[in-house]
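Beneath this line is the structure, given in structure tokens, with notes to follow.
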Amino acid sequence: MYQLLNTRLNKIEEKGFTNLLKKSLTGLEKESLRVNSEGNIAQTAHPKVLGSALKNPWITTDYAEAMLELITPPCDRAFKSLDFLLDVETFVYQHLENELLWTTSMPCVIRGEEDITIAQYGKSNAGKMKSVYRQGLAERYGKMMQVISGIHFNYSVATEFWPAFQAVEGDTSDQQAFINKRYMAMTRNIQRYGWIIPYLFGTSPAICKSFLAGVPKPETMKVFKEFTCYEPYGTSLRMGDIGYTNSKEDDRGIKANYNSLDAYIASLRCAINTPNKEYEDIGLKNGDEYLQLNTNILQIENEYYSSVRPKQILEGFEKPTDALERRGIQYVELRSVDINAFRPAGMTHRQLYFLEIFMMFCLLQESPEITEEEAKEIDENQSIVAHQGRKPNLQLSRNSKDISLKDWANELLDEMSGVADLLNKAHSETCYATAIESKKYLIENPDKTPSAMVLDDIKNRDGSYYHFAKRKSEEHRDYFLQRKLDAETQQKIERVAQLSLKEQVELEAKNGLDFDTFLQKYFDNQL
């Protein structure tokens with residue numbers, strides 16, 4: 001099962017290509033809700049001092065006006081991206097006054113959907129489009145699931161490595177075609193083996209009862225002291241059935257196809273261009289106000305939720321599928337990482353080292369096409385681990401056969417050791433092997449996983465999910481308020497924020513088209 005992986009590892013080392021991996025790039029995107037001193041979602045506007053949410057590349061908003069998203073540029077070492085994130089969050093905390101950043105993936109106390117204000121991006125057509133898209137999500141799915149937070153890990157294999165890897169493979173096709181093929185293989189494997197991420201990284205086994213908004217809790221969930229609902233063996237409810245899923249699209253037979261880049265693009269375009277009766281009944285507009293961008297199964301590509309996405313940087317008003325078709329895949333985005341409530345940045349260096357190993361393992365491991373049966377198996381494994389990942393002797397399904405999570409995880413970590421050795425040699429480090437050993441410990445000791453530690457704190461220290469999350473948020477606030485940025489970093493972040501405000505003003509000043517025409521031209525590829 002892992003013969004091709006080991007053959008590739010041996011060839012890369014024999015031919016001296018190991019050092020070519022040194023310039024692989026990583027980036028992070030971290031979402032966090034701004035909350036007031038009582039732990040309720042903030043009703044204040046995005047602070048202007050942080051720059052324009054539309055144009056600032058490092059500090060923006062996600063779904064809600066109170067939902068910050070902090071973004072790092074691509075960095076040549078994973079720890080640099082985390083250090084950059086720490087600096088940006090330090091800058092943010094300098095300007096939050098009496099607010100906190102909620103330090104867990106599942107939201108704070110929400111007193112109904114009226115508490116959640118959709119993010120606003122100004123008067124430009126680009127800004128209006130972002131807000132209308134979010135209004136469409138509210139109409140289709142409700143606002144509550146949209147304010148679940150997480151961390152996205154972006155990974156780009158070093159440009160210098162691709163021709164060497166292509167030579168190892170004996171592939172004589174166009175280089176970008178080869179890159180696309182290998183990245184899609186990586187994407188399929190991330191789905192196959194991705195259940196291991198919520199087990200190792202999950203920190204959302206519990207929720208505030210207010211998140212259910214009066215809907216009965218799932219039967220498997222327990223109630224602790226009235227206001228906390230939890231899964232006794234849960235790891236990441238964010239990635240489970242109460243999180244953001246594509247159940248509606250799946251019910252209509254729309255499923256992204258990851259077997260090739262062309263198939264992936266075609267499957268998303270099909271959903272974007274297929275009308276839907278339920279969404280037509282909602283209506284496109286209420287008077288002059290847009291309720292959604294269109295009435296099709298997907299408004300745009302990003303509406304299709306997945307634990308992983310192949311990505312290309314957009315140019316202008318380009319659609320993601322068009323960018324992928326024109327220039328191929330530039331990086332892969334892993335989206336299944338919970339915010340680590342025990343660390344100020346929501347992530348540790350060791351976790352990042354493991355994610356690097358995981359991504360390279362998924363690139364080098366054999367990756368057959370995903371059949372319809374395997375796609376169901378992948379979804380079921382993810383759901384089972386999200387809700388019951390720490391259950392003793394938990395069984396998953398591999399190639400239609402039962403296998404225990406523990407056995408499969410140990411097998412994967414053993415095989416990842418070769419990739420860890422490769423990365424250790426590339427960077428003259430020992431941190432990658434250490435990362436593997438730390439994860440093996442969590443397989444043998446489920447009670448030491450982050451999700452188990454969250455439940456232990458809730459039950460034996462804080463008394464509720466809310467009090468746990470609020471305590472950790474306050475601890476992390478204190479950490480950031482004690483940090484000092486050096487003058488150069490401070491000035492750089494300030495300059496980027498100020499420049500973004502200027503860019504938004506300039507964009508709004510040349511808003512030539514009315515919004516109806518702009519939207520039509522966007523979907524007709526005429527911008």
Listed residues 335, 390; which is part of a loop (DSSP other than H, G, I, E, B), at pLDDT 95 or above and basic (Lys, Arg)?
390
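Conditions tested, residue by residue: (1) at pLDDT 95 or above; (2) of a type in the set (A, V, I, L, M, F, W, C); (3) under 24 Å from residue 6 (Cβ atoms).
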{"site": "365", "(1), (2), (3)": "yes, no, yes"}
{"site": "368", "(1), (2), (3)": "yes, no, yes"}
{"site": "371", "(1), (2), (3)": "yes, no, no"}
{"site": "394", "(1), (2), (3)": "yes, yes, no"}
{"site": "400", "(1), (2), (3)": "yes, no, no"}
{"site": "409", "(1), (2), (3)": "yes, yes, yes"}
{"site": "421", "(1), (2), (3)": "yes, no, yes"}
{"site": "426", "(1), (2), (3)": "yes, yes, yes"}
State all residues of the stretch 179-238 that are in contact with a Ser or Thr (Cβ under 6 Å, 6 or more places away or on another chain), part of a helix (DSSP H, G or I) and closer than 17 Å to residue 394 by Cβ; if no residue qualifies, say none.
197, 198, 199, 237
Here are some conditions: (1) over 27 Å from the mean Cα position of the chain (by Cα); (2) under 23 Å from residue 288 (Cβ atoms); (3) part of a helix (DSSP H, G or I). Residue 511 meets all but one. Which one does it not meet?
(3)
Output the residue which, of all residues in the stretch 415-431 that are assigned to a helix (DSSP H, G or I) and small (Gly, Ala, Ser), is surrounded by the most Cβ atoms within 10 Å (Cβ to Cβ).
420
If you go through 516, 457, the only one that is surrounded by fewer than 15 Cβ atoms within 10 Å (Cβ to Cβ), at pLDDT 95 or above and either charged (D, E, K, R) or not in a loop (DSSP other than H, G, I, E, B) (or both) is 516
What strands (runs of 3 or more DSSP E), lying completely within the stretch 1-97, carry at least 1 residues that are basic (Lys, Arg) and crowded, with 23+ Cβ neighbours inside 10 Å?
25-35
Quick one: residue 153 ticks every box in (1) assigned to a helix (DSSP H, G or I); (2) closer than 30 Å to residue 343 by Cα; (3) not aliphatic (A, V, I, L, M) bar one, so which box is it?
(1)
(1) closer than 30 Å to residue 156 by Cβ; (2) surrounded by fewer than 18 Cβ atoms within 10 Å (Cβ to Cβ); (3) out of contact with any Leu (no Cβ under 8 Å at 6 or more places or on another chain): which one isn't true of residue 319, the others all being true?
(2)
Residue 109 versus (1) surrounded by 18 or more Cβ atoms within 10 Å (Cβ to Cβ); (2) at pLDDT 95 or above; (3) over 30 Å from residue 360 (Cα atoms): which is the lone unmet condition?
(2)
Given the options 127, 112, name the one that is over 18 Å from the mean Cα position of the chain (by Cα), on the phi > 0 side of the Ramachandran plot and in contact (Cβ under 8 Å) with a residue 24 or more places away in the chain.
112
Can you tell me which residue within the stretch 201-217, out of those that are aliphatic (A, V, I, L, M) and buried (at least 24 other Cβ atoms within 10 Å of the Cβ), is nearest to residue 361 (Cα to Cα)?
206
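The values are calculated or read from the model by the stated rules, or taken from the named source; none is laboratory data. This structure is a prediction, so every number in the text was calculated from the model and none was measured. Note that each Cβ is placed from the backbone with ideal geometry, even for glycine, and that neighbours are counted across all protein chains shown.
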